Amino acid sequence: MTHSYLAYGITLRSETPIPGLQQVSKPSHPTDLHFYWGVEPAWVAEAKLKPFRPVRILPAEQHTTDSTLRLAAYGDEEYFRFAYSDGTEFVLDASTTRIWGTCPAPLVLEDLTTYFVGPVMGFILRRRGVTPLHACAMEIDGSAVVLCGAGGAGKSTTAAALALRG
């Protein structure tokens, strides 16, 4: 069974339900991104045979809530690989139309999805020319208020404090 989703303006299709995303019964747009989970598809195995170069390495001490991340480009930036220190891994093609992810036990699909809907989708959006914002949104007196800022700046804390004040 194929599952369809709309997230960040991108129509996703997956053979596996993606936790945290709401399914759409009939997408109004053609599929933009195919999500694969689990067994490594042939296109991923081929990508990993290409020469690679590191693009970004983020040590865990810089990000208290994220694992160490190694982002690498394969071939002539034909593919990209996200590898986290907990064993979670994603490979996507340069056109961002296919992505595969896996994680070792005891991690489960919900753990993988946390990375997917956060930093990995942020990367996909940037590759597509969309600037993602790290933000928190809330509604106050019928108006939308958005707080933007770096991780740890206090966006969620401020939103929670405002919610407690009504």
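The values are calculated or read from the model by the stated rules, or taken from the named source; none is laboratory data. In this text the structure is predicted, and so the values were computed from the model without any measurement. Methodologically, a virtual Cβ is constructed for each residue, glycine included, from the backbone with ideal geometry; neighbour enumeration extends over all protein chains shown. Ligands, DNA and RNA are stripped out before the accessible areas are found, and what is left, the full protein with its side chains, is counted by its heavy atoms. Shrake-Rupley method; radii C 1.70, N 1.55, O 1.52, S 1.80 Å.
Counting only protein heavy atoms, what percent of the accessible surface of the chain is carbon or sulfur at a 1.4 Å probe?
Working: 5530 of 10060 Å².
Carbon plus sulfur share of accessible area: 55 percent.
Tell me, what HN-Hα J-couplings in whole Hz come from the Karplus equation 6.51 cos²θ - 1.76 cosθ + 1.60 at θ = phi - 60° for each residue of region 33-39, using x for Gly and Pro?
Values, residue by residue: 8, 9, 9, 10, 9, x, 4 Hz.
Quick one: ranking Cys148, Cys136 by accessible area, 1.4 Å probe, largest first, what do you get?
Ranked from most to least accessible, the order is Cys148, Cys136.
Long-range amide H contacts for Thr11: which residues qualify at under 5 Å (H placed 1.01 Å from N, peptide plane, sequence gap of 5 or more or a different chain)?
The answer is Asp32, Leu33.
Considering the options Ala72, Ala137, Gln22, tell which one lies farthest towards the positive end of the dipole of region 1-141, charges being +1 on Lys and Arg and -1 on Asp and Glu at the Cβ, about the Cα centre.
Ala72
Indicate the gyration tensor shape class of region 1-139 (rounded, prolate or oblate), computed on the Cα atoms with a ≥ b ≥ c the square roots of the eigenvalues: a/c under 1.5 is rounded; otherwise a/b larger than b/c is prolate and the rest oblate.
Values: a/c = 1.40, a/b = 1.18, b/c = 1.19.
Rounded is the answer for region 1-139, as its axis ratio a/c remains below 1.5.
Given the convex hull over the Cα atoms of region 2-62, what projected area results after averaging over all orientations, in nm²?
Numbers: hull surface 26.5 nm².
Average of the hull's projected areas for region 2-62 equals 6.6 nm².
Among DSSP bridges having both ends in the chain, what percentage is antiparallel? Round to the nearest 5.
Working: 33 of 40 bridges.
For the chain, the DSSP antiparallel bridge percentage is about 80.
Rounded to whole Å, give me the distance from the Cα center of region 101-166 to that of region 1-48.
First find each Cα centre; the distance between them is then 20 Å.
If you fit an axis through the alpha-carbon atoms of helix 155-164 and take the longest principal axis of the Cα set of the chain, what angle between them do you get, 0 to 90°, nearest 10?
Result, in degrees: 40.
Given a Förster radius of 30 Å and the C-beta distance between Ala137 and Glu77 as r, what FRET efficiency does 1/(1 + (r/R0)^6) yield to the nearest 0.05?
Numbers: r = 33 Å, r/R0 = 1.10.
Plugging the Cβ-Cβ distance into 1/(1 + (r/R0)^6) gives 0.35.
Provide the per residue accessible area, probe 1.4 Å, for the chain, rounded to a whole number of square angstrom. It would help to have the intermediate numbers written out before the result.
Working: 10060 Å² over 166 residues.
Per-residue accessible area for the chain comes out at 61 Å².
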